[in-house]
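Where a number appears in this text, it was derived from the coordinates with a stated rule and is not lab data. The structure displayed is predicted, hence computed values, not measured ones. Please note: Cβ atoms are built from the backbone with ideal geometry, for glycine as well, and neighbour counts cover all protein chains shown.
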Amino acid sequence: MEHIFIINPFAGQGRAVKLIPQIDKLLMDTGITYSIYITKAKGDAERFVSETLAERSDVRFYACGGDGSLHEAVNGAKGYPDAEIGVIPVGTGNDFIRNFDKKESFLDIKAQIRGKSMPCDVIDINGRYIVNMANIGFDCDAAEKAAEWKKRPFVTGTMAYVCGVAEMFVKPMGKKLSFRFGDGKMISGKFLLCTLANGCFCGGGFKSSPEAALDDGLIDVGIVKMLSRPRFVTLLPSYKTGTYLKTNFAKKKVIYEKYDSVEILAKEPVNISTDGEIREFTRIKAVNVPKAFRFIVPEK
């Protein structure tokens, strides 16, 4: 088997590129077959994975970057549920690996090589695979601003997201949306935010979907109704730790349920963040795809 390391040269402000000599040093004289591919542009990792799998199956891919790099690799493996894909988290947010214990093991190259793979679901949103989470409303707008903050020196993923939240806090909040869930139930109104989750975390460590599981065949749909700004400030600490669902406030202001599919409609174009990529929509169809690929969990 060949172990292929896909390097996003722009990930983590250049940290991914620094992995190359480390990979060579650790693996060059071990007899392990490996190669390094440096992406040339956005979407190149997806193309590379797709073309490689069309020719052979005896490979493992390691996306060296953040959640966006993993997102591209998994979309390249669409239609290959036995494809093994891991991530070496040198991006800025790295939220997907927060679903696992011993996150530091993901930076251990040899632990990655010795790791085993597990079946992992994805969310198909309008034909695009989402590995971790999609956000609409305040979360998405904050993520968009966080992407700008991440470009600044010494600004980490969590810090960037907090800065994005602070910047959005002074702007108009709320999106008018209609939801049709997999069981036929419908709701409409103005909502502060919505999350469609496969994993638990977003925004560099906010545990917004605390009951999500990567292999349960379901989408965790979290919807927060409109709040006053002071009330929103008091919500943030429990939203970050994932304990907000246990509060009395959640009974009145939060809808949190699991579905295999959900459709969302907006009368006007609204932004959605899908694994950190921002795009507009007026209609989305989200469907859970069970066991869409195999995720590499490093040896602990």
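Here are a few things to note about the model shown:
- For K151 and D58, the difference between the fully extended length at 0.36 nm per residue and the C-alpha to C-alpha distance is 29.8 nm.
- Here Q13 and N248 are evaluated by their C-beta separation; at R0 = 30 Å the FRET efficiency comes out at 0.10.
- Charge sum, other residues only, whose C-beta stays under 13 Å from N94's C-beta, Lys/Arg counted +1 and Asp/Glu -1: 0
- Pairwise label distance in nanometres, K300 with M226, each label 7 Å out on the Cα-Cβ vector: 4.6 nm
- Taking 0.36 nm per residue of sequence separation and removing the Cα-Cα distance, the F169/K102 pair yields an extension gain of 20.8 nm.
- Taking only the Cα atoms of segment 144-300, the ratio Rg/Rh comes out at 0.95, with Rh defined as the Kirkwood radius.
- Cross-link table K42/K102; K150/K285; K175/K251; K78/K190; K150/K251; K25/K207, entries beyond 25 Å C-alpha to C-alpha: K42/K102; K150/K285; K78/K190; K150/K251; K25/K207
- The phi torsions of segment 5-10, fed into the Karplus equation with coefficients 6.51, -1.76 and 1.60 and a -60° offset, translate into couplings of 9, 9, 9, 8, x, 9 Hz, rounded to whole numbers, with Gly and Pro shown as x.
- Taking Cβ atoms as reference points and 12 Å as the exclusive limit, the residues near K291 contribute a net charge of -3, counting Lys and Arg as +1 and Asp and Glu as -1.
- Dividing the alpha-carbon radius of gyration of the chain by the rule-of-thumb value 2.2 N^0.38 Å gives 0.99.
- Label-point separation, N126 to M1 (7 Å along Cα→Cβ), nm: 3.6 nm
- Restraint check, K151/K267; K225/K267; K185/K240; K185/K258; K110/K240, Cα-Cα greater than 24 Å: K151/K267; K185/K240; K110/K240
- Extension gain for the segment K190 to S238, taken as residue separation times 0.36 nm less the Cα-Cα distance, is 15.0 nm to one decimal.
- Helical contribution to [θ] at 222 nm, DSSP H n ≥ 4, -39,500 (n - 2.57), averaged over the chain, rounded to 500: -8000 deg cm²/dmol
- For segment 158-243, a Kirkwood radius taken over Cα pairs fed into Stokes-Einstein (25 °C, viscosity 0.890 mPa s) yields D = 173 µm²/s.
- Among beta bridges that DSSP assigns inside the chain, antiparallel share in %, nearest 5: 75 percent
- Highest average packing first - 17-25, 175-183, Cβ atoms within 10 Å: 175-183, 17-25
- Exposed-loop-free span, longest in the chain, where GluC sites (Glu not before Pro) count as exposed if DSSP calls them loop and at most 16 other C-beta atoms lie within 10 Å: 1-210
- For G174, distant residues with modelled amide H under 5 Å away: F138
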